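Below is one structure, written out as structure tokens, with a few remarks after it.
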Amino acid sequence: MSYTGPDFEPSQPRRSPLRRPLTVAVAALVPGALLGWGVYAAVGGPDDGDGGGSDRAGGVRTSSAPSSGGSAGDDGEKPTTGSSSVPTSEKPSKPSASASKSAPAAASGPLEGKVVVIDPGHNTANFQHATEINRKVNVGTHWKACDTTGTATNAGWPEAKFTLDVAHRLRTLLEKQGATVKLTQDGDRSYGPCVDERARIGNEAHADAAISIHADGSGAGNRGFHVIMPGPVHEGAADTRDIVAPSAELGKRVAGSFVRVTGTAPSNYLGDGTGLVTRTDLGGLNLSTVPKVFIECGNMRDGKDAALLTSGSWRQKAAQGMSEGIVSFLRG
Ligand SMILES: [Zn+2]
């Protein structure tokens, strides 16, 4: 996923005609951090993936899979296979056996009765299943690969490990608030799920909010996070018209909380400094019938961002930022 790559496929995002007035409300949540909440419409990228991000449209590069078991850059960029050693500090905490199970919904809390679906982007074993994940699935507007491998840091730490680790942290935080949380995958599948299924899981759970977690694979020097929101799509099985507005609200709240809690600046290469991007090419968003956003937490290919992404304490803040945004959205 270089900038021109995956997530962003749309290397030349266009300004969306929709600049929202909501901006003001959000800006209030994030004093000084996100100036000018404009919204970019990134049109065109491929991916699907799961996401956004790193999912590049294209396919999987099994040959470049890092020996660490990580995924190859799906986004196109391959991880440096040579340096497969992963600094200890980069190793995400291993989910405990209990963590990998869905915890029962908390009995009480402000989010009691609310359902949140967390979609950990990619799958650490996708690179071993090129045929399966390259199978094309229909996302309404077009056909795209079932899933992608995701990117990795230059040291070979895969995006899929990052996304699952943050998903576990976020699940714990949301359950403490009383929410019922479901993950689309929990390291318990040999590959995938495909992007259409990732969306379907949220739909069938009647999620009040859904979030797909990613990290990008852009060029060095490109830094920061951005939240991807669905644009209006009404084609084939895709109809996002009812979720565009609530998803935008969810996205703004998540971006605002993410900035505040992590202290991390919005992307310096997409979104015009707002940390917000709108896309109409992601299957995970196009096929969703529930409010949903993607978050690209940072750029794994940038050394400074990678230092954050591989830090457990930073990932905890990232999860906290997402959690606070979701809680704010769900409490209205
Ligand atoms: Zn990704």
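Please treat every number below as a calculation from the coordinates, not as lab data. None of these values were measured; they are calculated from a predicted model. Counting neighbours? That spans all protein chains shown, and the Cβs are built from the backbone with ideal geometry, glycine included.
Structure summary
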| read-out | value |
| --- | --- |
| Nonlocal amide H pairs with A152, under 5 Å, H built at 1.01 Å | E159 |
| Whole-Hz ³J(HN,Hα) from phi, Karplus 6.51 cos²θ - 1.76 cosθ + 1.60, for segment 271-278, glycine and proline x | x, 6, x, 8, x, 10, 9, 10 |
| K304-S190 FRET efficiency (beta carbon distance; Förster radius 51 Å; 0.05 resolution) | 0.90 |
| Pair E235, E112: separation of 7 Å Cα→Cβ label points (nm) | 4.5 nm |
| Span from the segment 183-225 Cα centroid across to the segment 290-332 one, whole angstrom | 13 Å |
| From phi via Karplus (6.51, -1.76, 1.60), per-residue ³J(HN,Hα) for segment 187-195 in Hz, x at Gly/Pro | x, 10, 10, 6, 6, x, x, 5, 4 |
| Paramagnetic reach from N268 (point 7 Å along Cα→Cβ, amide N under 19 Å) across segment 282-317 | 296-310 |
